[in-house]
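A quick write-up on the structure given underneath.
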Amino acid sequence: MSTDAQGRVRSWTLEPSVPRFSPPPGAVDAHCHVFGPADRFPFSPKAKYHPQDAGPDALFALRDHLGLTRNVIVQASCHGTDNAATLNAIAASNGLARGVAVVDPAISDEDLQALHDGGIRGVRFNFLKRLVDDAPKDRFLEVAGRLPAGWHVVVYFEADILHELRPFLDALPVPVVVDHMGRPDVSLGPDGPDMRAFRALLDSRPDTHFKATCPDRLSEAPPWDDFAEAVRPLVEAYPDRCLWGTDWPHPNMESRIPDDGALVDMIPRIAPTPELQRKLLIDNPMRLYWSEEWL
Ligand code: 0GY
C-alpha cells in the first residue's frame, strides 16, 4: 500500500496501461473524482479516508492518456459538502468537465444557482454508512424539490438496502442516476436477485439511469468476467439510460488498485456495438450534463 509521510493513501496507479479499445471522439468519463490539492482544499473534518492529492492536472492527463474527451466530477465524501475542489477542477477544464455536488440540504437557492454557474448539474445522496454519518431522506427530498432546472439526483447505495430505499427513490421529483448500479452481486449473473431488483427499479420509472461502472469493486479480480456477463445485458436492455466512468482515483481501493487502461477495455465487453458505445459514452452523458450543447 502506498502511504505518504502524513499517512495519506494513494488508491490509483501512476502507470495505467494504454487501452487497446479506442473510445469514440467525445467520450465522457461520467464518474470520477478529485482529491484536493489538500493545501488549498482541506478534507472535511468528517472524512472517512485521507487520500493523497489527485487534482485536476492528474485527472486531465489520465483523460488524455485513455483517449477520453470529457469528465463528470463527482464530489467525493472526503470533501464533505464543501464543493470547492470539484468546482476548481471544473473551472480548469476549458468546459470539458461538469460536476455533481454534495450539499447540506439546508443550502439556499442562491447557493444552488452558484453551483450551477460553476458547472454542477446534479446532487449526490450517499447512503453508504462507511462513507457518511447520516443520510436524512426527508431532507434530501426537500432539497431535491428545489434543484435548478435540468438537474438530477445521483444516488449511491448498496444492493441490500434497495428495497428499503424504494419509497424514497420513487418519490424523487427529478431524474435519478444510480452509482455502480447499486452495487449488485454480479457473481450471481445477469438474473441474480440483485440484478432483478435493480431491473425492477429501472422498469418502474423511465428517468432512472445507471452507471455501468466499477468492475474492480464489484468483481473479485481482473479480467472481471462476471461483471461483463452481468452488466452487458443491462446495457443492451436499457441503452438510453447507461453511463460509464473510470471512478478514478478509486477511493478506498488502495489494496486493489485497478489499471485504468483495463477499465477502458471493459467498454466493448459491456457495450459490444458502436451504437451502444456511442449511447453509453456520448449521447447519455451529454444529455444529462451538457444539455445546452446537446439540444
Ligand atoms: C465511488 C466509491 C466510493 C467512494 C466515494 O465519495 C466517495 O468517497 O464515492 C467508495 O468508497 O465506494 O463511488 O467512487
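In this structure, Pro190 qualifies as open to solvent by 10 Å² or more (accessible area, probe 1.4 Å) and either part of a loop (DSSP other than H, G, I, E, B) or in contact with an Asp or Glu (Cβ under 6 Å, 6 or more places away or on another chain) (or both). Any residue that is within 16 Å of the ligand (Cβ to nearest atom), small (Gly, Ala, Ser) and modelled with pLDDT of 95 or more - is there at least one of those in the stretch 242-263? The answer is yes; a qualifying residue exists. The lone criterion from (1) out of contact with any Lys or Arg (no Cβ under 7 Å at 6 or more places or on another chain); (2) more than 14 Å from the ligand (Cβ to nearest atom); (3) in a helix (DSSP H, G or I) left unmet by Asp134 is number (3).
Table: residues versus (1) in a loop (DSSP other than H, G, I, E, B); (2) open to solvent by 40 Å² or more (accessible area, probe 1.4 Å); (3) closer than 26 Å to Cys214 by Cα; (4) away from the ligand (no atom under 16 Å from the Cβ).
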{"position": "Gly99", "(1), (2), (3), (4)": "no, no, yes, no"}
{"position": "Gly122", "(1), (2), (3), (4)": "no, no, yes, no"}
{"position": "Lys129", "(1), (2), (3), (4)": "yes, yes, yes, no"}
{"position": "Arg146", "(1), (2), (3), (4)": "yes, yes, no, yes"}
{"position": "Val154", "(1), (2), (3), (4)": "no, no, yes, no"}
{"position": "His163", "(1), (2), (3), (4)": "no, yes, yes, yes"}
{"position": "Leu169", "(1), (2), (3), (4)": "no, no, yes, yes"}
{"position": "Val177", "(1), (2), (3), (4)": "no, no, yes, no"}
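For the stretch 34-89, which residues satisfy the criterion of being surrounded by 21 or more Cβ atoms within 10 Å (Cβ to Cβ) and of a type in the set (Val, Ile, Thr)? Once the filter is applied, which keeps residues that are surrounded by 21 or more Cβ atoms within 10 Å (Cβ to Cβ) and of a type in the set (Val, Ile, Thr), the stretch 34-89 yields Val34, Val72, Ile73, Val74, Thr86. List pairs: first in the stretch 206-229 and within 9 Å of Val186 (Cβ to Cβ), second aromatic (Phe, Trp, Tyr) and modelled with pLDDT of 95 or more, Cβ under 7 Å, 6+ apart or cross-chain? Pairs that qualify, where the first residue is within 9 Å of Val186 (Cβ to Cβ) and the partner is aromatic (Phe, Trp, Tyr) and modelled with pLDDT of 95 or more, are Pro215/Trp224; Pro215/Phe227; Leu218/Phe227; Ser219/Phe227.
Assess whether His31 counts as being open to solvent by 30 Å² or more (accessible area, probe 1.4 Å), within 12 Å of the ligand (Cβ to nearest atom) and either closer than 30 Å to Ala159 by Cα or free of Cβ contacts under 8 Å to residues at least 40 places away in the same chain (or both). In short, no.
Of the residues that make up the stretch 104-111, is at least one within 16 Å of the ligand (Cβ to nearest atom), in contact with a strand residue (DSSP E or B) (Cβ under 6 Å, 6 or more places away or on another chain) and in a loop (DSSP other than H, G, I, E, B)? Checked against the condition, which is being within 16 Å of the ligand (Cβ to nearest atom), in contact with a strand residue (DSSP E or B) (Cβ under 6 Å, 6 or more places away or on another chain) and in a loop (DSSP other than H, G, I, E, B), the stretch 104-111 yields no hits at all. Residue-level analysis places Ala237 among those that are over 30 Å from Gly7 (Cα atoms), of a type in the set (Gly, Ala, Ser) and more than 13 Å from the ligand (Cβ to nearest atom). For the stretch 254-286, the candidate set comprises residues that are open to solvent by 10 Å² or more (accessible area, probe 1.4 Å) and of a type in the set (Gly, Ala, Ser); within that set, the residue that is farthest from Ala61 (Cα to Cα) is Ser255. Could you tell me which of the residues Ala85, Ala91 is within 13 Å of His33 (Cβ to Cβ), touching a Pro at 6+ places or on another chain (Cβ under 9 Å) and modelled with pLDDT of 95 or more? After ruling out the rest, the residue left standing is Ala85.
Of all the numbered requirements in (1) away from the ligand (no atom under 16 Å from the Cβ); (2) assigned to a helix (DSSP H, G or I), Ser17 misses one, and that requirement is (2).
The values are calculated or read from the model by the stated rules, or taken from the named source; none is laboratory data. No experiment lies behind these values; they were computed from the predicted model shown. Here the Cβ is made from the backbone with ideal geometry for all residues, glycine too, and neighbour counts use every protein chain on show. Note: accessible area is taken over every heavy atom of the protein model, side chains too, but ligands, DNA and RNA are not part of it. Shrake-Rupley method; radii C 1.70, N 1.55, O 1.52, S 1.80 Å.
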